Amino acid sequence: MSTETHVAYHTCTNDSKYTQYNITFQEKETLNEDDGLFKESDNKLQDDQSDKTWQFQDSKDMQTSRNRWRFGTVLFILTTALCLVATIYFATTSSSNKSENSHGHASLQQKTEDLTKTKGFTETKGYTTKEDACVSSPCLNGGTCITAGCSYYCICQDGFTGYKCGVTPCTSSPCLNNGECNIQNDTYQCDCPVGFNGSECQETPCSVEPCFYNGTCTVLGNSFSCECMNGYNGSKCEVTPCLSSPCLNGGTCTPAGSNYICSCPTGYFGNQCQVQTSCQYGWKMHENKCYYFSSINKNWNNAKISCKKLNSMLAEPKKMSDISFLISKAKKYRKTFWLGGSDRAKEGVWVWTTSGQEFTVTDWHTRTIREPNNQNGNEHCLDMHKNLDYEWNDDNCWNRNRYICEKTLM
């Protein structure tokens, strides 16, 4: 029986080479019915040979195998052509994109480099690797950076705190009124603008309360402005309705809005203390006192007793205005008058005997005779002597003179 031999190929998954098998086709009638589809021939090759001989049952099966082989060949050729076309297309497109994106690639590369530097990374041959977390010196104000795994922590100098030592004594802006905060070791010092003072520049030009009479102070730069109440004027509200001293006869002026009120001394009344009350008949009024000039002579002791009976005392002129008033009245009488002073308790120490006060204002005669001179060691009482221009003189207490009584006007 004649046979035909054909070559078939099988491609393995991991091997691109083809393995050749020799296949023998036989007529159907030469095969035994119980041999199945294939039956090894008596002339099969040994196990170490590369091909084997197989027998098909009939020519119909052989034709089917040939058709399958032809279809595989056509499919392989089409696939190869399609891959070639795709390769040419992508090669052309890649060349075009390179020229179009050359400028953008440079910008992207620069941004990538900047990013890797700021984040603590470095780029080597296209690969990004982690560097020391302290390489960017993240600790501020002289802080020391310590690496901790993939992160870091900062050891701050005195006066600085925070994760990156960014918190200073000046962070909370402690200096007021535009004061400049300067770090001093672990604390701060404020450099204040002109007109402001204090450890934190908290003292302003208004802190000393420069506005009088309840004026409202407002800070203006390094100065101030006063808003005055009604009736007050001036840069510090110091000009008041009382500035012209409207109260007479020693009256005390008190501002009252745009007007004033006078508090009058005893013996005077009126809105300006201009009306004076009168003393009883025979008495002379001066300011808030009444004076009695006696018409009879008595020694100093009896004169003092007589004044007491009149609810008064021997006159005690304690200021020059009182002395001038008594001199002007005494000259009209052309007489010597006793006053209430004496040094009988201690020689040379003159006091007003009723009030017990020492002399603070005096009017001793010193032109012709230097008084007091305690002539003959027996002059211990005070008088206004007519022969000494009514200036003061120490005299013998037993001499008889007129006297002046004094009492406060009720």
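Computed quantities for the displayed model
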quantity	calculated
Qualifying residue in the stretch 226-234 (condition: at pLDDT 90 or above, of a type in the set (A, V, I, L, M) and open to solvent by 50 Å² or more (accessible area, probe 1.4 Å))	no
Test: residue in the stretch 255-262 that is of a type in the set (A, V, I, L, M) and either open to solvent by 70 Å² or more (accessible area, probe 1.4 Å) or touching a helix residue (DSSP H, G or I) at 6+ places or on another chain (Cβ under 6 Å) (or both)	yes
Residues of the stretch 355-379 that turn out to be under 21 Å from Ile327 (Cβ atoms), in contact with a strand residue (DSSP E or B) (Cβ under 6 Å, 6 or more places away or on another chain) and open to solvent by 50 Å² or more (accessible area, probe 1.4 Å), as a count	1
Members of the stretch 134-149 found to be under 19 Å from Asp186 (Cβ atoms), in a loop (DSSP other than H, G, I, E, B) and either open to solvent by less than 60 Å² (accessible area, probe 1.4 Å) or free of Cβ contacts under 8 Å to residues at least 24 places away in the same chain (or both), listed by number	Cys139, Gly142, Gly143
Hey, Tyr291 in contact with a Lys or Arg (Cβ under 9 Å, 6 or more places away or on another chain) and within 19 Å of Gly250 (Cβ to Cβ) or not	yes
Those strands (runs of 3 or more DSSP E) lying entirely in the stretch 338-410 with at least 2 residues assigned by the TED database to the domain that holds Ala303, within 18 Å of Lys318 (Cα to Cα) and touching a His at 6+ places or on another chain (Cβ under 9 Å)	392-395
Within the stretch 160-183, considering residues that are free of Cβ contacts under 8 Å to residues at least 24 places away in the same chain and over 12 Å from the mean Cα position of the chain (by Cα), the one nearest to Cys134 (Cα to Cα)	Tyr163
Any hit, the stretch 313-326, residues being within 29 Å of Cys242 (Cα to Cα), free of Cβ contacts under 8 Å to residues at least 12 places away in the same chain, over 60 Å from the mean Cα position of the chain (by Cα) and outside any loop (DSSP other than H, G, I, E, B)	yes
Of the criteria (1) in a loop (DSSP other than H, G, I, E, B); (2) open to solvent by 30 Å² or more (accessible area, probe 1.4 Å), which one Cys242 fails	(2)
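The values are calculated or read from the model by the stated rules, or taken from the named source; none is laboratory data. Remember, it's a predicted structure, so these values are computed and weren't measured experimentally. So basically every Cβ, Gly included, is an ideal-geometry build from the backbone, and we count neighbours across all protein chains shown. The area values use the complete protein model at the heavy-atom level, side chains included, leaving out ligands, DNA and RNA. Shrake-Rupley method; radii C 1.70, N 1.55, O 1.52, S 1.80 Å.
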